[in-house]
Every structure is written in structure tokens, then in C-alpha cells.
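A short worksheet on the structure shown next.
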Amino acid sequence: MREQGTNRMTQDEDQGRLAESILHFCRTLRHAGLQVGTGAVLDALAAVAAVGIRRQDDFRFALRAVLASNPADFVLFEQAFTVYFRKPQLLERLLSVLLPSLEGQQAAATPESARRRLIESLASKRQPGSESSSPDADRAGTYSSREVLSRKDFEQMNLEELDDTRRMLRDESYPVSKLTTRRFRTSTSGARYDLRKSMQLMMRCHGYPVQLARRRHKKRLSTLVLLCDISGSMGIYSRMFLLYAHALTARHRFVHTFVFGTRLTGISRWLRDPDTDRAMSRISAQVPDWGGGTRIGDCLRRFNFDWSRRVLDSNASVILLCDGLERDSVAQLEFQMQRLRRSCRQLIWMNPMLRYTAFEPRAGGIRAMLPHVDRFVPAHNIASIAELGRLLAGAPSSRLASVARVAA
């Protein structure tokens, strides 16, 4: 009898510690941003009691089913679960990397505060708009120069900064706005009635109009066409833009990329390679005019004649990276720019020369191209590429140069 009573007391203590651990785990998830209320905590305790703790996968899936119903929260849940239950020894190693030490003070060494700070760091990566996600912490406890690097000219960077820039361009998110089409789809909040679907619903209800179906316009991603000048005057700017094109191709379905110097070359098939270095090596090996001269008008003529009807539509956006220093006929360049503008929804010209505050369109090629572009934006640092991303996403942009002001 005494042994049975002792075993029962031990089981009660184990269950109490497990319930306390689950309670602290739920509090941490709530602090990280997940919607975990009192009912979810009770459901988690009931789920664990139902599946048991013999198999770790059953225990993890039971908690995730009631605490992270949104698939977008799965990554944060898995990270928190790994720190709490699967590999607690990771806590000490991750603290030295993810958590900055306060100046003149040591980080809190209690397990609860350490876990809380670690989950705050993980949650900052999940929420791009949070304040803790803007500065990155390094091992020394100082803030990185990420924001300073985003404003620095590509041409002024050293090899280490260029390597960091490559990672920043690869990790950036590039959303693209969706365009409204003329086709319709069924929707509960549509502005129009779907007569065909409504008749089908009436037949199920013996001819009574119990429910009227609605419909709304379909939306689809717009087509993007990237034209990159790879002449000798562009240098590092064309390489950085191709890294942006590679990241954009991996996230967006309808992207067509071309490079031109003295001839036009399509490189979309090579940019679909998930490995960035291998894709860039193939492009440099297959493009013969890399770093040579510039024939903008002739290359645009080849694009308008050979590729315009294949890759462009009325809702397409064309992004042209070029300095506008044409060596051939300016009249042909102006005609081809006018023809290109008529074939797309918007034409965005990115020019690295806008990095100079005293820039004036004195070159004949620039003056011939300006009247036919919708946006004239810089292309000399990460901040300018981020502005382009916001422009493609449909967000208002604050630092875009006005074509009328530059032309004046």
C-alpha cells in the first residue's frame, strides 16, 4: 500500500510538472504573437492527456493542432518547441548568436527569461514590420550596418560588403501586385450575381431562390520583363540587378529577363537555376558581349521585333536598367522606346546615374528615352531596388524621381 501511494504521488508530481511546462510554453507562444487564449491552453492539456507522451511526434502534433491552427505559424511553433522540449541544450548556444548583450550588463541567465528573449528574437524574424526586426545583432552585441549598407553605392563596396549585399538581395521579399482581369469567379462577397450558379442552387431547393450566388473579377499576377544593360559602363550595377532578377524569378511566375550590350540575349532559362552562383556562371559563359559596347536602339529593335509579342501583354511591366549612353542613332532609339511603351502597361527606367544629386539629362540618348517612360528611378544601391519592389507591389513610393522634373 505504501509503494502504491508513493507511485501515485510520483505520477501526480510528473503530471503537474508537465502541465506547468505546457502552461509556460503557451505563455511564450502568446508573447511571440500567436493567438493562444485560455481555451487553447485547456485544449492543449486535454490533447496531451488524450495522446500521451510516449511518442514525441504525437505530443508535438497534438500541441500544434490546438496552438497553431494557422499554417503561417508553423515555423515559429517548431522553433519554440525545439527550444522547449526537443533540444533544450540549444538554448545556451543560440543565446550567444541571436540575443544581443546589453551594454555593461550580462544577459539574464534564468531559463524562463532566456527562453522568453529567444522567442522574442525568433518572433522578430516572423514579423517584418516589428521594431526588433530592423537591426540585426551580432556576437559582439552591436547593431549591424545593414541600414548603412543599403544606402551605400555598389561601386564603393569592398568584397565583404558585396558578399553581404548578395545575401540581402537573396533574402529580400519581392511581392508583385495582382491585376484585375475581365473574367469572373464565384465569391461570397462579389458585387455581381452569378445567374448560372444561382439557378443550380435553386434546383437543389426545389425551385426556390433560397440563396443567390455572387461573383467577382479574377485577379492574376502581372507579367514582368527585365531588360539589363551589361555594357562596360554599367559594371557592378548590372551584376547586382541580375541577382535581384534571380531572386524575383524564384518568387514570381511570369518573369522574362534579357541582357543586352551590342546584342540581345534571353537569360530566363538560366535564372531558373536555384543556385545563384551557378546561374551567374552560366550567364557569363553564354553571353559573348558582357562588358563591351552599347547599342541600345538596335537591341530594343530586336526585342520589339522578336520577343515583344511573345512575352508582353497589355498588363505587363517592363523594367529597363540602362545608363542611356547611346552611341548609335538617337532617332532609332526614340522610335523603339515609343514602340516599347505602347506594348506594355508601364515602363520603368532604372538609371545608376541618378546617384548624383546634380544629374542633368544632357546626353542625347537620355533625352530621347525620357519622354517615353513612366518612372525614372535610381539603381545604385539596395534601397533603390527596395523602392522598385514597393513600386511593383503597388505601395506608394516616396523617393522615386519625377520624369518631368528630371526632363526639365
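Data overview
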item: Residue check, ALA395 modelled with pLDDT under 90 and in a helix (DSSP H, G or I); result: no
item: Residue in segment 291-305 that is among the charged types (D, E, K, R), assigned by TED's automatic domain parsing to the domain that holds LEU242, under 27 Å from the mean Cα position of the chain (by Cα) and not in a helix (DSSP H, G or I) present; result: no
item: Pairs where the first residue, in segment 66-78, is closer than 16 Å to ARG27 by Cα and the second is charged (D, E, K, R), C-beta under 7 Å, 6+ apart; result: VAL66/ASP43; LEU76/ARG126; PHE77/ARG64
item: Condition broken by ILE385, with the remaining ones in (1) buried (at least 21 other Cβ atoms within 10 Å of the Cβ); (2) among the hydrophobic types (A, V, I, L, M, F, W, C); (3) at pLDDT 90 or above satisfied; result: (3)
item: First in segment 198-218 and without any contact (Cβ under 8 Å) to a residue 24 or more places away in the chain, second anywhere and loosely packed, with under 10 Cβ neighbours inside 10 Å, Cβ under 6 Å, 6 or more apart; result: none
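The values are calculated or read from the model by the stated rules, or taken from the named source; none is laboratory data. A quick note: this is a predicted structure, and the numbers were derived from the prediction, not measured. Backbone-built Cβ (ideal geometry, glycine too); neighbour counts: all protein chains shown.
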